[in-house]
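Written out below as structure tokens is the structure these notes cover.
The values are calculated or read from the model by the stated rules, or taken from the named source; none is laboratory data. Everything numeric in this text was worked out from a predicted model, so none of it was measured. When we count neighbours, we look across all protein chains shown, and the Cβ atoms used for this are built from the backbone with ideal geometry, even at glycine. For accessibility, only protein heavy atoms count, side chains too; no ligands or nucleic acids. Shrake-Rupley method; radii C 1.70, N 1.55, O 1.52, S 1.80 Å.
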Amino acid sequence: MGFQFQSIAAVAPLIGDGLALDKTQLGWLIGLYLLPGVAFALPGGLLGRRFGDKRLVLVGLALMGIGGVWLSVAESFAAANAARFTSGIGAVILNVLMTKMVTDLFAGRERLVAMSVLINAWPIGIGISLAVIGPVSELAGWRWGIASSAIFAMIGLAIVATLYRPPAAVAGSASAPSPATGIGIGVLTRVEWSLLAIGSLPWLLYNASYQIVLSFLPSFLVGNGLGIANAGWLVAVNTVMFVVSVQAGGFLLERSARPERLCHATIVVWCATLLFIAAGSAPLPWLVLGGLVGGIPAAALVSAPGEFLRPESRNAGMGVFYTIYYLGCAVLPTIAGALYDASGGKAALWMAAATAFLAALTLFAFRRAMAARAAMSPSEAH
């Protein structure tokens, strides 16, 4: 999924020339991959229970493969939109249900370690995409680079189809969805709604900033004289550093006396590295530093809803959380692309830094809201 998400950004100058797209259109295509999540994040779990997790994941991977092939032969912006949207539907299904499947497989044994591996598969896939698709596209053309994402999806489909077996506790458990009680969004209380409205923003803004960097930093570096392959490798180095810091961040946050301060400090340092790159400083040291600190807050931001959602409201609450996430991450790269067209690559990096800083501010607001909730009586808190 990470590999396919990054496939357009990895060859943005080539696909832009091939389909006569400006940076706003490229930003829209990048964000369009996430847009289906607005509709599919909430019901995704119910679809898996109704038809079976494995069956739905195979459908998702098939859609990713179809969309990848379709995009590789697209001759117009409209066809590219349809192909990208098809891939995005498959990716949303995969994102929701793979999380549930890993939870089932590792219930009671190293679940957090397994989930860390799953989460890090996203940036690892992005890093592989940056390292592979650029050179392939320079050798054989951008269409072959895009088509490689379909090949990866088909390999994944074959592996899941032949090797995945659900644990005995959930084997054969697919059934019709249960009644709306405890499932629909009506189960959320007023306090939970207000906390979701605030607590969803740090994760959204943090991810949107990262996606803006991944989407437009390669083009910015190419515009400053680097080849596509070299630009891809530089951003891949940053991605590798992020993988390391996401994993390390979980350990550091658990052992920190003030984890929220660690989150704020690392986000501010990450913002500073983006501003230095935009100012024309040598990118490699800032990409390494930004990667080493930028991933540290991830676990704290994504786990925010778990701090206040009750067990009976968790399904609906996480659905709302990811709906907000997908909506914002579909829109903000388009805005960054428009800024790139209007004012150049520096403007896109400035927006990434500002978006990350807003993540720190909204995290502070969320902590204040949680402190206010803690001061409520038990009846008021829910």
Chain lengthening between T162 and F364 when straightened (0.36 nm per residue, less Cα-Cα): 68.1 nm
Checking understanding here: applying a Kyte-Doolittle mean of at least 0.5 and a length along the axis of at least 18 Å (C-alpha), which whole DSSP H helices in the chain pass? 53-72, 77-105, 111-140, 142-163, 190-223, 228-255, 259-278, 314-343, 345-374
Is the range 20-90 rounded, prolate or oblate when judged by the Cα gyration tensor, a ≥ b ≥ c being the square roots of its eigenvalues, rounded requiring a/c under 1.5 and prolate requiring a/b larger than b/c? oblate
Computed over the chain: relative contact order in percent, which uses C-alpha pairs under 8 Å that are six or more apart: 28 percent
Residue-level accessible surface for D22, protein heavy atoms, 1.4 Å, Å²: 70 Å²
What are the residues whose amide H is under 5 Å from the amide H of G344, where those residues sit 5 or more places off or on another chain and H is modelled from the backbone? none
Would you indicate which of (i) -0.41, -0.65; (ii) -0.27, -0.46; (iii) -0.30, -0.51 is the value of log10 I(q)/I(0) by the Debye sum over Cα atoms at q = 0.07, 0.09 Å⁻¹ derived from the coordinates of this structure? (iii)
Evaluate the charge dipole of the range 1-159 about its Cα centre and quote only its size in Debye, nearest 20, assuming +1 on the Cβ of each Lys and Arg and -1 on the Cβ of each Asp and Glu. 580 debye
With a 1.4 Å probe and all protein chains in place, put I335, I324 in order of accessible area, largest first. I335, I324
With all protein chains present, the range 336-379 has a carbon and sulfur share of its accessible area (1.4 Å probe) in percent of 70 percent
I want to check the label-to-label distance for D22 and L284. Put each point 7 Å from Cα in the C-beta direction and report it in nm to one decimal. 3.6 nm
To the nearest 10 Å², what's I89's accessible area with a 1.4 Å probe? 40 Å²
Full-extension gain in nm, V269 to A121, via 0.36 nm per residue minus C-alpha separation: 50.8 nm
Under the Kirkwood approximation for Rh and a Cα-based Rg, what ratio Rg/Rh is obtained for the range 292-382? 1.08
About the Cα centre of the chain, how large is the charge dipole given +1 on each Lys and Arg Cβ and -1 on each Asp and Glu Cβ? Please answer in debye to the nearest 20. 740 debye
Within straight-line cross-link reach of K54, lysines at Cα separation under 27 Å, skipping those fewer than 8 residues along the same chain: K100
In Å², and per residue, what accessible area does the range 257-382 have when probed at 1.4 Å with the other protein chains present? 43 Å²
Do the sum for the chain: with -39,500 (n - 2.57) for every DSSP H run of n ≥ 4, divided by all residues, what is the mean residue ellipticity at 222 nm, to the nearest 500 deg cm²/dmol? -27000 deg cm²/dmol
Candidate lysines for bridging to K23, where Cα separation is under 22 Å - those fewer than 8 sequence places away on the same chain excluded: K346
